[in-house]
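Let me begin by presenting the structure, written as structure tokens, before commenting on it.
The values are calculated or read from the model by the stated rules, or taken from the named source; none is laboratory data. Note that this is a predicted model, so its numbers are computed, not measured. Here the Cβ positions follow ideal geometry from the backbone for every residue, glycine too, while neighbour counts run over all protein chains shown. Only protein heavy atoms, including side chains, enter the accessible area calculation; ligands, DNA and RNA are left aside. Shrake-Rupley method; radii C 1.70, N 1.55, O 1.52, S 1.80 Å.
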Amino acid sequence: MRKTRPIRKLLAANRSEIAIRIFRAANELDLRTVAIYSQEDRLALHRFKADEAYQVGAGKGPVEAYLDIPGIVALAKERGVDAIHPGYGFLSENPAFARACEKAGLIFVGPPPSLLELLGDKTAARRLAASAGVAVLPGTENAVKSAAEAHKIAREIAFPVIVKAAMGGGGRGMRVVHDATQLDALLEEAQGEARSAFGDASVFLEKYLPRARHLEVQILADHHGNLLHLYERDCSVQRRHQKVVEVAPAANLPGNIRREICDAAVQLARMANYRNAGTVEFLYDVDSQKWYFIEVNPRIQVEHTVTEMVTGIDLVRSQILIAQGHKLHEPPMALPRQESILVNGAALQCRVTTEDPEKNFAPDYGKISTYRSPAGFGIRLDGGTAYAGAMLAQSHSLGRKSSRSLPANGPRPPRIPHSRSENKYPLRRKCREPPEVSRRRSHHLFPR
């Protein structure tokens, strides 16, 4: 059991949409917010949505800057931060980061380091699921040590099999093998991608289901033994093992399957003594009508908003309150009991990606020449590509010295006091621009 520990200032150790999402939840809880940004992100929107913003990873690349554990923790201590929310990606599942936060006296908004270590190893998670009585696919209990061992196991579980990175996720380090002649080459490919993506070449084998639906159950758990599931999402529409369309709830899913996977997710989370938000993922074989556990994501996910839309429960706000030690069913959280959580309507999330067909459909980049931004309740724009174009246009309108007109590192202008009754949309007060930027834009739009 954890005593209540208030948070007054929250740092988002991330960028772009998820950082802004964290700031919105923190703002609604009347917390002061801190953004970090790399040199390349000095004009990024998330920097200007926070009360304070600081550059990290000086001299590092645009990705490495957000992986600078000592630098981020030191900055948080120096600026009086109470808690760090890692978002998704980057350091969100890094037990060393969670441990560094704890050592520095900072609250890590997520599961404890021990859980991140346990669930970060997919073979260990499989063993945990099996011990909890949750069905797992036929496969290896540990990472394979050689090609000869991989061939032996593949023959035992029968082709097709899938090679999966043991220490990573996001569809990286995965290869489907249809027969023995492909195994050596694809095993080597998967190991190489796992090494470059996660710093660990360990892989394991599982039985591959050609006609399976990919289902995931959202979990919330506090530090007092209370645990909820918020039903399932369907992410079966994928490209190269990357999720493209996410739907909540899963359409045309038999009611007994829905109940069984939700109960299994709760059972597994209790076995692991889970804390904070997480997702338990399953495969449902439409041919055999059987389901199997595949992994746990111990963090908030990109697609968390479709669950929020159909349940009405703010997951990021819940994460922050859980991290402070509050109970799920008591104020200020006051979430409904399991039997009272209802799913209303349906929500869908789509991701637009770019690929180059002439380079084996490798991720591509380019320039958006025409862009129309949709709007309306429930519309959310992720990613930096579209916004980067907008920022470039804005920078151009400000002139060549636009970067000099932006505020230096440090706190934003003082916040304007307000009450909930005065401002029904707290995020709007984050959209103020520094006076010098406003003046320059006004002069550009309305020249004297």
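Some values worked out for this structure:
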{"item": "Percent accessible area from carbon and sulfur atoms, the stretch 62-126, protein chains only, probe 1.4 Å", "result": "56"}
{"item": "Förster radius 41 Å - calculated FRET efficiency between Phe361 and Ala104, Cβ distance, rounded to 0.05", "result": "0.45"}
{"item": "Nitroxide proxy distance, nm - points 7 Å out along Cα→Cβ at Ala251 and Ile341", "result": "2.4"}
{"item": "Of all accessible heavy-atom area on the stretch 1-46, the percent that carbon and sulfur account for (1.4 Å)", "result": "48"}
{"item": "Ranked by how many other beta carbons lie within 10 Å on average, peptides 189-199, 260-270 from highest", "result": "260-270, 189-199"}
{"item": "Fully extended contour minus Cα-Cα distance, from Ala124 to Ala147, at 0.36 nm per residue", "result": "6.2 nm"}
{"item": "Potential lengthening between Asp184 and Ile69 on full extension [0.36 nm per residue; Cα-Cα distance subtracted]", "result": "37.7 nm"}
{"item": "Gain in span if fully extended, Ala197 to Val352, counting 0.36 nm per residue against the direct Cα distance", "result": "53.6 nm"}
{"item": "FRET E, pair Ser369, Arg211, Förster distance 45 Å, beta-carbon r, rounded to 0.05", "result": "0.65"}
{"item": "Cβ-derived FRET efficiency at R0 51 Å, Glu156 paired with Glu40, nearest 0.05", "result": "0.60"}
{"item": "Peptide ranges 299-310, 70-81 listed from the most packed, as the mean C-beta count within 10 angstrom indicates", "result": "299-310, 70-81"}
{"item": "Pairs beyond 18 Å (Cα-Cα), from Lys3/Lys327; Lys152/Lys207; Lys9/Lys77; Lys60/Lys103; Lys60/Lys243; Lys9/Lys327", "result": "Lys60/Lys103; Lys60/Lys243; Lys9/Lys327"}
{"item": "Span from the the stretch 277-339 Cα centroid across to the the stretch 173-229 one, whole angstrom", "result": "20"}
{"item": "Table column - 3J(HN,Hα) (Hz), the stretch 341-353, Karplus curve with 6.51, -1.76, 1.60, x for Gly and Pro", "result": "7, 10, 9, 10, x, 9, 9, 9, 10, 10, 10, 9, 10"}
{"item": "Where the stretch 1-123 is the region considered: accessible area per residue in Å², 1.4 Å probe", "result": "38"}
{"item": "Note, ³J(HN,Hα) from phi for the stretch 59-65, Karplus 6.51, -1.76, 1.60, rounded to Hz, x at Gly and Pro", "result": "x, 9, x, x, 8, 4, 4"}
{"item": "Cα centre as origin, Lys/Arg/Asp/Glu Cβ charges: the stretch 224-352 dipole, Debye", "result": "280"}
{"item": "GluC sites (Glu not before Pro) restricted to DSSP loop in the stretch 97-163 with at most 12 other C-beta within 10 Å", "result": "Glu141"}
